[in-house]
Amino acid sequence: MSRTALRRSVATATTALLSLGGLLLASHPALADVSNGGFETGSLTGWTTTGTTAVVNSGAHGGSYAARLGGTSPTNGDSSIAQTFTAPSGATQLSFWYSVTCPDTLTYDWATATLADTTAGTTTAVLAKTCTNGQGWKQITSAVTAGHSYTLKLVSHDDNYAGDATYTLYDDVAFTTAAPPPGLTQVSTDPFTNSSSQHATELEPDTFAYGNTIVASSQVGRFTDGGSSDIGWNTSTDGGTTWQHGMLPGITTYQGGTWARVSDPAVAYDAKHGTWMVAGLVIDSNVNGAGVSVSRSTNGTTWQNPVMAVGNDGQGYDKEWIVCDNSAASPYYGTCYVEVDVTSSGNAVVMSRSADGGATWSAPAAPSGGPSGLGGQPLVRRRRHLVGSGGTVRRPQRPGRPAPGPAQRHRRGPLLRQRILGAGLQLGQRRLQLEHQHPDRQRQQPRRGRQPARR
């Protein structure tokens, strides 16, 4: 039942531990010598500006104001602010916060930042080009040398395309001292005592974060031949500073449920419906994977009894995964997907979806062609990679954007053209790329000077 998951953040033998790492940085006071680094003057005083720039009084990271580069309407090219300063005595790091609104792709729009050490004659891209949407505030830190002169340049780039304006908020630019070595906080213990499984054991953790809330789950009380006594939940609502812990109710007989064991926890969050979900592989008394359960919570600390998303039908299952479409711009915003392999049918890949926060799930469907495999991990693609109802599976082209050529479509594995479930997904091991274009729509020619997006 073991699996290696991309989002795994903790590996435990006797306890579940979480490193708090960079979260300690915020407790160290900022040093001087960045002028108007928090933009609390309500202006860009102290900064050199180019392009479309402003100070806004909503959505700031700290205080009342933040700098906005670019605009809510499309802009053309780079918008930037820059400042030159000297790192004060005791400074070891320069940090700032950014929040990107980029409904386009990295090929065309992005945020980036550079830090030039004019004393040493070096320049570092402290923020590589990034294009994300709805991810909230992120912190960047870069090592500095006290006494050196630096120029920090913060940039937001938009290609002036109608309908997907890109802009970036920056805030709280400051020198800081280095954080002390991170500590470890124990967030979970095994409460079970049944003699049939091993105790003080937690394994196969999965973690998902949204805003300041972090939900981790793991198997608790592992059986030697597969599965566990239950799945534990470990939740922080303050970015990892403090934690609450418990067991998911109603799955196994050890927590008021009917199943003998459960395995393979996976965590997801549905932003549209404000619902946390933990999927598990339920196991019967014959140690057969019988289906996929989904436990739900609106706050990450109070969990409902599970619903069955797939299975409980006499077939064998293994290696489930769960993911939700959290892009507000997507036509499938608020749709969640469960993938699982049907071991009794040659590891056939099937998927089920929910559009009501995981309360109900569609009948499982297999892609045409009957692909098989173990440990698939569906990933919601960008809003332009969607499967329309009954449409052929291709990438939708917006006017003026190039269609990907064969080299792009087939990078890192074959492209399987399928129809499935009404949304664009990439399936981990099979790399199932589902992309829709209306059959009557013609591919567009690339604009001069534009290169195809890498897929």
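Quick notes
- Look at the Cα gyration tensor of segment 250-307: its axes a ≥ b ≥ c give a/c of at least 1.5 with a/b over b/c, and that counts as prolate.
- Amide N of segment 84-113 lying under 20 Å from the label point, which is placed 7 angstrom from the Cα of residue 148 along Cα→Cβ: 84-97, 113
- For residue 129, the lysines whose Cα comes closer than 18 Å to its Cα, not counting residues fewer than 8 places off in the same chain, are 138, 153.
- Calculated FRET efficiency for the pair residue 195/residue 329, C-beta based, R₀ 30 Å, to 0.05: 0.05
- As a calculated quantity, the FRET efficiency between residue 43 and residue 72 at R0 = 25 Å, using C-beta atoms, amounts to about 0.80.
- Rounded if a/c under 1.5, otherwise prolate or oblate - segment 71-112, Cα gyration tensor axes: prolate
- Taking θ as phi - 60° and the Karplus parameters 6.51, -1.76 and 1.60, the scalar couplings of segment 352-362 work out to 9, 10, 9, 10, 9, x, x, 5, 9, 9, 6 Hz in sequence order, x denoting glycine and proline.
- Per residue, in Å², the accessible surface of segment 115-246 once ligands and nucleic acids are set aside, probe 1.4 Å: 41 Å²
- Part-to-part distance (alpha-carbon centres) for segment 28-95 and segment 155-217, which is given in Å: 25 Å
- With the whole protein complex present, residue 199 retains an accessible surface near 60 Å², based on a 1.4 Å probe.
- Extension gain from residue 57 to residue 271, taking 0.36 nm per residue of separation minus the Cα-Cα distance: 74.5 nm
- Proximal aspartates and glutamates relative to residue 272, as straight alpha-carbon distance under 14 Å, when same-chain residues fewer than 8 apart are discounted: 325, 356
- Share of carbon and sulfur in the accessible heavy-atom surface of segment 219-366 [1.4 Å probe, %]: 44 percent
The values are calculated or read from the model by the stated rules, or taken from the named source; none is laboratory data. Everything numeric here is computed off the predicted structure, so don't read it as measured data. In this analysis, Cβ positions are derived from the backbone assuming ideal geometry, glycine residues included, and neighbour counts consider all displayed protein chains. Just so you know, the surface numbers come from the protein's heavy atoms only, side chains and all, with ligands and any DNA or RNA stripped out. Shrake-Rupley method; radii C 1.70, N 1.55, O 1.52, S 1.80 Å.
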